[in-house]
Amino acid sequence: MNSITPRPVDTVISAARDFLGDRISTNNALREQHSRGEDTTTPTLPDAVAFVATTEEVSRLLTLCHAHGVPVTAFGAGTSLEGHVNPVRAGISLDLSRMTAVLEVNAEDMDCLIEPGVTRQQLNDHLRDQGLFFPVDPGSVCTIGGMCATRASGTNAVRYGTIRENVLGLEVVLADGRVIDTGGRTRKAANGYDLTRLMIGSEGTLGIITKVRLRLHGIPEATSAAVCQFPTLAACVETVITTLLSGIPMARIELLDEVQMGACIAYSKLEGFSPTPTLFLEFHGTPASVEEQARAVEAIAADCGGTGFAWATDEQARKKLWQARHDAYWAAIAMRPGARGIATDVCVPISRLAEALLGAKEDIEASGLIAPIVGHVGDGNFHTVILVDPNDPQEFERAWALDKAIVARGLALGGTCSGEHGVGLGKREFLEQEHGAEALAVMRGIKASLDPKGILNPGKMFRN
């Protein structure tokens, strides 16, 4: 009688049930939920979804997958925009969303230790009574582990930096199950290779992050938000550059073009604004310094043609304003019911921002597509959300051509193909253009050294 040799992934699933029980599942609905993020890539079903709760479980599962050559794709909140969580070679989708403990808060040293499934909102709720906050704010409900994996940024980066500047150390499980610590609690260290920075932005291709030690910040004594509207995008950018050159310590500077502002007015019920290019601004400090900063920017904006400069310290007003900014993606999608959004993510030197934005505007008009623009312009980063009919292949082709045109322009201006979304599947073709063949070979060498069997998030960053 012939025996049937089980597939390696079936062997892993069976063995993992010994320590995960029903937390490793082949349920079709769960597999579909883990087949992609918020991107437009074709979904791929994993063979199983594993809900892990401890570092030990991650280590045991990776040891099994390494031994049998089974792919593993980490999954957090599923909000990635470049296909990071799409398990393109099936295998195990490793869901870390149940690892949500805040393990330590060291208020005097302003640091904390958390598990990777904690979200920014959850952490800040936990910290609020201690006068501390975590500033990196991508705008979506994403896990901090995922933010580390994709080197996330957001609206506060102009003052507080990106996730890269706010991580002191990581606990990481390597492909073969080994567990390493990459940093400590000190604000600086000069010993050995910087493994923390190697893992930040590695998109789950070098290891699985199971703990994160973060740098925290004191909640400002006073916060003020402001809005100013402009006749042109160029006037918006001129205001941003002049403000930064003036040394005004901005907390946030966000730009919305007239299309995006119109979408936000309709979606978030913003009253008293017109669909024209707009800056959203925020100032942190003492009551006196916040007022001084706002007045200084108001004068700069007026010189550049800005009108209707309105600022407020009322918390509810500020929350409504920034919620509208955070909902910009959904506001854009609502402009065309049933459409999917392809998000671009170019970052250029501040001095080239006007060229990049105005050039992107020309490219959008030439494409005939709807693509609102929104940007973290304080650090030269902006996005377009290209709206496409998911059932129209020709429209998808036009959208990807537009994306490539915007990226090509950004690279030509000394910029990068991704300021904060990462590479994943969507930006792989641009990686060699930006870094060159030799640098890409070094990256591949690091991958091969830490993951010789290529089981960790295969197909991402590199085409093979």
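The angle separating the long axis of helix 55-68 from the principal Cα axis of greatest extent in the chain is about 60 degrees. Relative contact order, whole percent, for the chain stands at 16, derived from Cα pairs under 8 Å and 6 or more residues apart. When only the Cβ of Lys, Arg, Asp and Glu is charged (+1, +1, -1, -1), the dipole of the range 183-237 relative to its Cα centre reaches about 340 debye. For TRP311, the solvent-accessible surface computed with a 1.4 Å probe is close to 70 Å², ligands and nucleic acids excluded.
Residues in the chain average 42 Å² of solvent-accessible surface per residue, probe 1.4 Å, ligands and nucleic acids excluded.
Label point 7 Å out from ALA234 along Cα-to-Cβ: which residues of the range 319-357 have amide N under 12 Å? The answer is 354-355, whose backbone nitrogens lie closer than 12 Å to the label point. Largest first, the residues LYS269, LYS404 sort by 1.4 Å accessible area into LYS269, LYS404. Of the residues LEU45, LEU30, LEU214, ranked by 1.4 Å probe accessible area with the largest first, the sequence reads LEU45, LEU30, LEU214. Look at the dipole of the chain built from charges on Cβ: of TYR193, ALA405, CYS304, the Cα furthest out on the positive end belongs to TYR193. Note on GLU221: accessible area is roughly 140 Å² with a 1.4 Å probe, heavy atoms of protein only.
Placing +1 on the Cβ of every Lys and Arg and -1 on the Cβ of every Asp and Glu, with no other charges, gives the range 389-464 a dipole of roughly 360 debye about its Cα centre. Relative contact order of the range 1-113, taken over Cα pairs closer than 8 Å and 6 or more residues apart, is 29 percent. Counted residue by residue at 0.36 nm each, then reduced by the alpha carbon distance between them, the extension gain from ALA101 to GLU432 reaches 115.3 nm. Among the listed pairs LYS211/LYS447; LYS319/LYS404; LYS319/LYS427, give every one whose C-alpha distance is greater than 31 Å. Table pairs above 31 Å Cα-Cα are LYS319/LYS404; LYS319/LYS427.
Taken as Cα centroids, the range 322-389 and the range 197-274 sit 13 Å apart, rounded to the nearest whole angstrom.
Computing the accessible area with a 1.4 Å probe over protein heavy atoms, can you report the carbon and sulfur percentage for the chain? Reported share for carbon and sulfur atoms: 51 percent. Over the range 1-134, the hull volume per residue, using the convex hull of the C-alpha atoms, is 134 Å³. With contacts taken as Cα pairs under 8 Å at a separation of at least 6 residues, the range 112-174 carries a relative contact order of 29 percent.
Shown here for the range 155-199: trypsin sites (Lys or Arg not before Pro) in loop regions (DSSP other than H, G, I, E, B) with at most 12 other Cβ atoms within 10 Å, namely ARG187, LYS188. Expressed as an acute angle from 0 to 90° and rounded to the nearest 10, what is the orientation of the C-alpha long axis of helix 353-367 relative to the principal long axis of the chain? For 353-367 against the chain, the angle is about 80 degrees.
Stretching the chain fully between ASN27 and LYS188 yields a gain of 53.4 nm (0.36 nm per residue, less the alpha carbon separation). Using heavy atoms of the protein chains and a probe of 1.4 Å, the accessible area assigned to VAL374 is about 10 Å². Residues whose amide H falls under 5 Å from that of ASP111, counting only those 5 or more places apart or on a different chain, are ASN106, LEU216, with hydrogens built in the peptide plane.
Computed over protein heavy atoms with a 1.4 angstrom probe, the accessible surface ordering of LEU206, LEU245, largest first, is LEU245, LEU206.
Between 0 and 90 degrees, the angle of helix 393-412 with respect to the longest Cα principal axis of the chain falls at about 70 degrees. If only the Cβ of Lys and Arg carry +1 and only the Cβ of Asp and Glu carry -1, the dipole of the chain around its Cα centre is close to 980 debye.
Computed across the range 287-445, the Kirkwood radius stands at 17.9 Å (inverse of mean 1/r, all Cα pairs). Translational diffusion coefficient, Stokes-Einstein: compute it for the range 356-459 using the Kirkwood radius over C-alpha pairs as Rh, at 10 °C and 1.306 mPa s, and state it as an integer in µm² s⁻¹. Value of D from the Cα-based Kirkwood radius: 103 µm²/s.
Here the range 243-279 is scanned for amide nitrogen atoms under 17 Å from the site 7 Å beyond the Cα of ALA299 along Cα-to-Cβ, giving 243-250.
The values are calculated or read from the model by the stated rules, or taken from the named source; none is laboratory data. Computed from a prediction, not measured in an experiment: that's the story for all the values here. With ideal geometry, Cβ positions are generated from the backbone for all residues, glycine too; neighbour counts draw on all protein chains shown. Protein only, heavy atoms only, side chains kept; ligands, DNA and RNA dropped before computing areas. Shrake-Rupley method; radii C 1.70, N 1.55, O 1.52, S 1.80 Å.
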